[in-house]
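Worksheet: one structure, shown below.
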Amino acid sequence: MSTAVIHAEGLSKRYQRGALASSGLLRDTLARMLRAPWTAFQRNKPETFWALKDVSLDVREGEVLGLIGRNGSGKTTLLKILSRITRPTEGWAEIHGRVGSLLEVGTGFHPELTGRENTFLSGAILGMSKQEIVRKFDEIVSFAELEKFIDTPIKHYSSGMYVRLAFAVAAHLEPEILLVDEVLAVGDFKFQKKCLGKMGDVARAGRTVILVSHQLNQIRRLCDRTVWVDSGAIRQTGATPEVVSAYETAMTSPERGGGTTHANAKARFLSWKIMEPTGKFPHRLDSVGPVAISFQLEVRSPIRHGHQGIALFDAERRLMWAFANDDLTLEPGLHELIYKLPFLPLCPKSYNWQLSLWDEGENVDLWEAVPELQVTIPNYQHARDEWNGFLNLPSEFKVSREKG
Amino acid sequence: MASATSNPSATSTLANRPPGLLTLRIEPPHTLFELRLKELWTYRELLFFLVWRDVKIRYKQTVIGVTWVIVQPLLTMLVATLFFGKLAKLPSQGLPYSVFCFAAVVPWTYFSTALLAATNVMVENQRVITKVYFPRLILPFSAALSGLVDFCIGFIVLLIFTFAHGIRPAWTLVLLPLFLLLAVFTVLGVGLWLSALNALYRDVKYLIPFIIQFWTLASPVYYSSSMVPERYRWLYGLNPMAGVIDGFRWALTGTGHPPAASLFASVGIVGVAVLGGLLFFNRMEGSIADRV
């Protein structure tokens, strides 16, 4: 067993519920203190909740550790504590080595500055020294494939170019410990792969990586060990295949893996299944259509101007299809959202649904549906792989000769 | 928060740890008295980059760029000369009123813009604060320092302007950086408090214009401090910017009187404000990332 580079014990973090809304005004605080000076010294906390409770963790050197769990389970809070963005309320951790954190794509980028200037700025903010950036600059630029545009202000960049530059800077960060949150979910697939490759190099060089992701495929591909965080506590730790499948199983059960920290959410998606065609496996599609998919949604408080989005991605995170419905009114209770599709000609691979619900422009729930959609339709396409496309259409062929 | 020192009792938990790496300890905030200036020094390169960014962006965004930095204090001076010099005929210590006024407007412009920038700096960098760690203390410092570039440009104009009026700087000019330093520390002394408060309370930003306006009137920018009645002079001396401006004028032109006793009071007050500001800021830092 190699040495532990991160050792955490009893990490806990308490937040005030709706901290932003209630504590916003100095005027109010002063008024409270004037009205009742003694209460200012009493520790009568407003409504609080534990985003993280008693988490102990050891991460060994050179390990790639996955962190999974539903939205609001505390994964990001844990990552934020380990990267020192926020302090724990209780507990402590010890980290051995330089820590780099990637919680966002393009941290510190400023639109008015050129690619070159932003490389230096973002690099410095992420923890590189000037010397280090100067040394790696050419490599970063060629990695991002932006040689021609490096002196253009990035406000003129396309979103693809922006992401490429951001990743290139991040990928060249060489801390002993790298904390990554979901950032690889954006960007085009080819470039993502390049970054993952670079990260793989990082791991092979004896560096330690903690990766938070909703994409279980990514976790499976990259992580040796996985920690499943649920309601602010560690539910399971172990080898990736075991933890991920336990997680998938729990998420498909009606209770969708706890998640009490999100108790204040107005609604949340619980599960999904294929209604039509009916079969033994509710997440396996064996026909090109017609198809009906149902998503179970639990509504806790009324949705007045709901906007509901659905997207289907393949395992390589390419968008297959997306749609959205506006002006939904939903009363509290269990709902079933049913999408009927006359045909869904997908290649025999695995896919992911992404469901979102918005109310009055505010995100209520974003769900990376588990389990994945397994498509077991026979492949109707060209016999050679390089001539296989997105659509798996059964075709009929006939030659007819015009008479006359 | 995490201190970059190895703690022998704590590191024992990491058995066989690789040698030569630094150990961070992450803990709940517990001590009341943390200055953490050492960490600021470790991150000095980032401080430089943030100042550099601020300056770059300022000159890129404004259409007229650098000229704005010159035009703004010049216009202020012209208008003041017209109303306070020509109409109100305020005394100006034997200097042409325009020189008298301009010598105060240049350091005052630095002070007011830097204070405003320091107040807003946490809110403006909210995204970065919530996504990556660095000592947050860097931000108010960067705001206080990036204003110095504007100041330098304004100061060159001021030198030319005084020269054109036939006033030759005296030996006292060498003391001028000291007064500038006092101005920087005054920005920090107030800015550290306001930046943390502004991050935590949304209504602080409405307070700032009022504070600055009030402070302008309470400082000898447009009038001479000798107009303040003798028995209130001590009270006036509590305003460090009064000492800065008087000292600035004196150092530049050699006329007027060097601020003496009140200057010591100013230095003392600023010292206390900066120290208190550092403690307050560090204490609030923990909640800033959660609440900003």
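Each value in this text was obtained by applying a stated rule to the coordinates, not by laboratory testing. If you're wondering where the values come from, they're calculated on a predicted model, not measured in any experiment. A quick note on method: Cβ atoms are made from the backbone with ideal geometry, for glycine too, and the neighbour counts reach across all protein chains shown.
Numbers below:
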item	result
Euclidean distance of C-alpha centroids, the range B:39-99 and the range A:347-369, integer Å	51 Å
For the range B:166-292, convex hull volume per residue from C-alpha positions, Å³	121 Å³
Calculated FRET efficiency for the pair B:R44/B:R291, C-beta based, R₀ 22 Å, to 0.05	0.20
Alpha-carbon Debye profile of chain B, log10 I(q)/I(0) at 0.08, 0.16 Å⁻¹	-0.41, -1.29
For the range A:319-396, alpha-carbon Rg over 2.2 N^0.38 Å	1.44
Separation of the A:E360 and B:I211 label points, Cα + 7 Å toward Cβ, nm	3.3 nm
Estimated inter-spin distance, A:E9 and A:L25, nm [label 7 Å along Cα→Cβ]	4.6 nm
Anisotropy class of the range B:57-109 from Cα gyration tensor, a/c 1.5 cut	prolate
Amide proton proximity set for A:L328, modelled H, under 5 Å, gap of 5+	A:G306, A:H307
Full-stretch length increase - A:K398, A:S301 - with 0.36 nm per residue and alpha-carbon distance subtracted	29.2 nm
Listed residue pairs exceeding 19 Å between alpha carbons, taken from A:K148/A:K198; B:K38/B:K205; A:K194/B:K131; A:K13/B:K38; A:K155/B:K56	A:K148/A:K198; B:K38/B:K205; A:K194/B:K131; A:K13/B:K38
Relative exposure of B:C101, B:C152, A:C347, A:C223, judged by other C-beta atoms within 10 Å (fewest first)	B:C152, A:C347, A:C223, B:C101
Cβ-based exposure ranking for A:F120, A:F137, A:F390, B:F141, in which fewest neighbours within 10 Å come first	A:F390, A:F137, A:F120, B:F141
Simple label model, 7 Å out from Cα along Cβ direction - A:R284 to B:A218, nm	7.8 nm
Span-like helix ranges in chain B, DSSP H, alpha carbon extent 18 angstrom or more, Kyte mean at least 1.0	B:66-80, B:97-124, B:138-164, B:176-200, B:204-217, B:261-291
Relative exposure of A:T249, B:T119, judged by other C-beta atoms within 10 Å (fewest first)	A:T249, B:T119
Gyration tensor verdict on chain A (Cα atoms; rounded if a/c is under 1.5, prolate if a/b is larger than b/c, oblate otherwise)	oblate
Alpha-carbon gyration tensor eigenvalues x 5, square-rooted, for the protein assembly as shown, Å	57, 29, 26
Whole-number Å³ per residue for the convex hull built on Cα positions in the range A:70-195	119 Å³
Charge dipole magnitude, Cβ of K and R +1, D and E -1 - the protein assembly as shown, Cα centre, debye nearest 20	1180 debye
Cα convex hull of the range A:254-375 - mean projected area over all directions, nm²	7.5 nm²
